[in-house]
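The structure under discussion appears below in the form of structure tokens.
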Amino acid sequence: MVAISRSTIIDAPIAAVWEILRDFNGHDRWHPAVDRSALEEGRKTDQIGSVRNFVLDGGERIRERLLSLSDKDRRLRYAIVESDVPLMNYVAEVALKPVTDGDRTFWSWTSKFETPEGRERELAQLVAEGVYDAGFEAVRARVERHQPALSAPTPSASGAAAIDGMAMVIERHGGPEELHPVAVSAPPPGPGELRLRHTAIGVNFIDIYSRSGAFDLLQPPGAPGMEAAGVVVDVGPGVRHLRPGQRVAYACPPVGAYASVRTMAAALVVALPDSIDDEMAAGGLLKGMSAEFLLHRVREIRKGETVLVYAPAGGVGRLLCQWATHLGATVIGATSSEEKARLARAAGARHVILPGTTSLEEQVRSLTQGRGADVIYDAVGRDSFAHSVAALAPCGHLVSFGQASGPVGSWDIGTLAASSATISRPNFAHYTDTPEKVAAITERLFDAIERRVITVEIGRRYPLSAAAEAHRALESRQTTASTILIPNENEEGIR
């Protein structure tokens, strides 16, 4: 399944934009790709169920049905019924929201569809650029009040000066004690950048790896952190998918999220739906995006499989338990205490195994009638890897996505033949390094949160200045659910 998500700001009142878009059969008058269009069976242009039969400028014929239309919400959905372009099971949605700053319009255009094998990239680009981006520019040219119509927005007046704030910085790699507060300033955004005031910051094991130097992500001096939510202060030239005052979040390199204010590249920053608050985003975006690609892209979980999840009471572990259970898997959690076992069961784990006289692999085989686990999600690393390999079912898949206890070390690949094992060591950045990848992952993630397939719970909150304390708690396995840092007014600047 291919998922496309595009959005833009139109410098015109929402009523003017909606008047164009709600005319389901009017796209031949404004979209450059549509040559001619007609409604079938004498239906009205805003009548649910009406079918538009149109021809593209290249001669391809497409029939699309209007599924829903709401003047109140300024939203419509439609689906392809028949098409010369091989887009199967195509369903799209157009939605508008008012932007009070300047009486402008936020327009999102999303879709999901299937394609012939091998043509996913080609057809995704056709829809994203040839249909959506081209449509944005065409409507912009018709309704925007300022010329030239296609000019990029410039930084707001508030971006003329740097904004002072505070960051938790390390001067050298080491323990939590290396984190200390430093006065910083966020400069005005340049081309492709935006400036944020953070409202909540996620704490993750990757921050500990950055601080300690285990991962080559942070060269001191600098601030760790790859995940945060906040409010856009202003945007630089070329940034069209976000606007000042908008609630946003990100989970991406470069590190530097442990700060009250930040200027950064805008491409991988996403707008937050109203249903997801800032703390939920800061505590769940990186973990949720990780769970999405672990379950759907690294190794797609199938109904009836047995899945073993280490640390099932932690941030990622809880999401893996919930989501894998929803997908029809039988989940086994492996944790260290009865309290965490209770949390794992609440997250959907059917069985939970604890340390004892019987090894982990023996307990897994006992629960699976000797077969083992089809998929294992192991974020522990050195202390668990051998047990995970031994617990795999024939042709099982071990996903080693963390090293809380240290690197797994060197292994003889021949030992994997005992179960014809597949081993993956996914890197978050490789699954989230383009706007298209981020849009596809967050669309599925936000949908799962909104439908309560998964829930993001905040276990602990710390002031930004207490980042070292948060790291100590995470490293000592004292935490459950997600941990976040909260910037506050008296931390904005060190005097």
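The values are calculated or read from the model by the stated rules, or taken from the named source; none is laboratory data. All values derive from a computational prediction rather than experimental measurement. Counting neighbours? That spans all protein chains shown, and the Cβs are built from the backbone with ideal geometry, glycine included.
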Candidate set from the stretch 404-457 (those that are crowded, with 17+ Cβ neighbours inside 10 Å and among the polar types (S, T, N, Q)); member that is farthest from Gly284 (Cα to Cα): Ser419
Select from the stretch 89-141 the residues that are aliphatic (A, V, I, L, M) and in a strand (DSSP E or B) and write down the one among them that is farthest from Glu443 (Cα to Cα). Val99
Residue in the stretch 376-398 that is among the charged types (D, E, K, R) and either within 22 Å of Gly288 (Cα to Cα) or assigned by TED's automatic domain parsing to the domain that holds Val203 (or both) present: yes
Just to be sure before I move on: is Pro221 surrounded by fewer than 18 Cβ atoms within 10 Å (Cβ to Cβ) and either more than 25 Å from the chain's Cα centre (by Cα) or of a type in the set (S, T, N, Q) (or both) in the structure I sent? yes
Any idea which residue in the stretch 402-432 is nearest to Val298 (Cα to Cα), counting only those that are among the polar types (S, T, N, Q) and in a loop (DSSP other than H, G, I, E, B)? Asn427
Scan the stretch 246-273 for residues that are surrounded by 24 or more Cβ atoms within 10 Å (Cβ to Cβ), over 22 Å from His471 (Cβ atoms) and either of a type in the set (Ser, Thr, Tyr) or under 12 Å from the mean Cα position of the chain (by Cα) (or both) and jot them down. Val269, Val270
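Looking at the stretch 460-475, is at least one residue basic (Lys, Arg) and either in a loop (DSSP other than H, G, I, E, B) or closer than 18 Å to Pro273 by Cβ (or both)?
For the stretch 460-475, residues basic (Lys, Arg) and either in a loop (DSSP other than H, G, I, E, B) or closer than 18 Å to Pro273 by Cβ (or both): absent.
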crowded, with 20+ Cβ neighbours inside 10 Å, more than 30 Å from Ala3 (Cβ to Cβ) and aliphatic (A, V, I, L, M): which single residue out of Ala379, Ala391 fits that description? Ala391
Test for Arg63: is it over 29 Å from Arg444 (Cβ atoms) and either assigned to a strand (DSSP E or B) or among the basic types (Lys, Arg) (or both): no
Looking only at the stretch 48-102, count every residue that is aromatic (Phe, Trp, Tyr) and closer than 27 Å to Ala16 by Cβ and tell me the total. 2
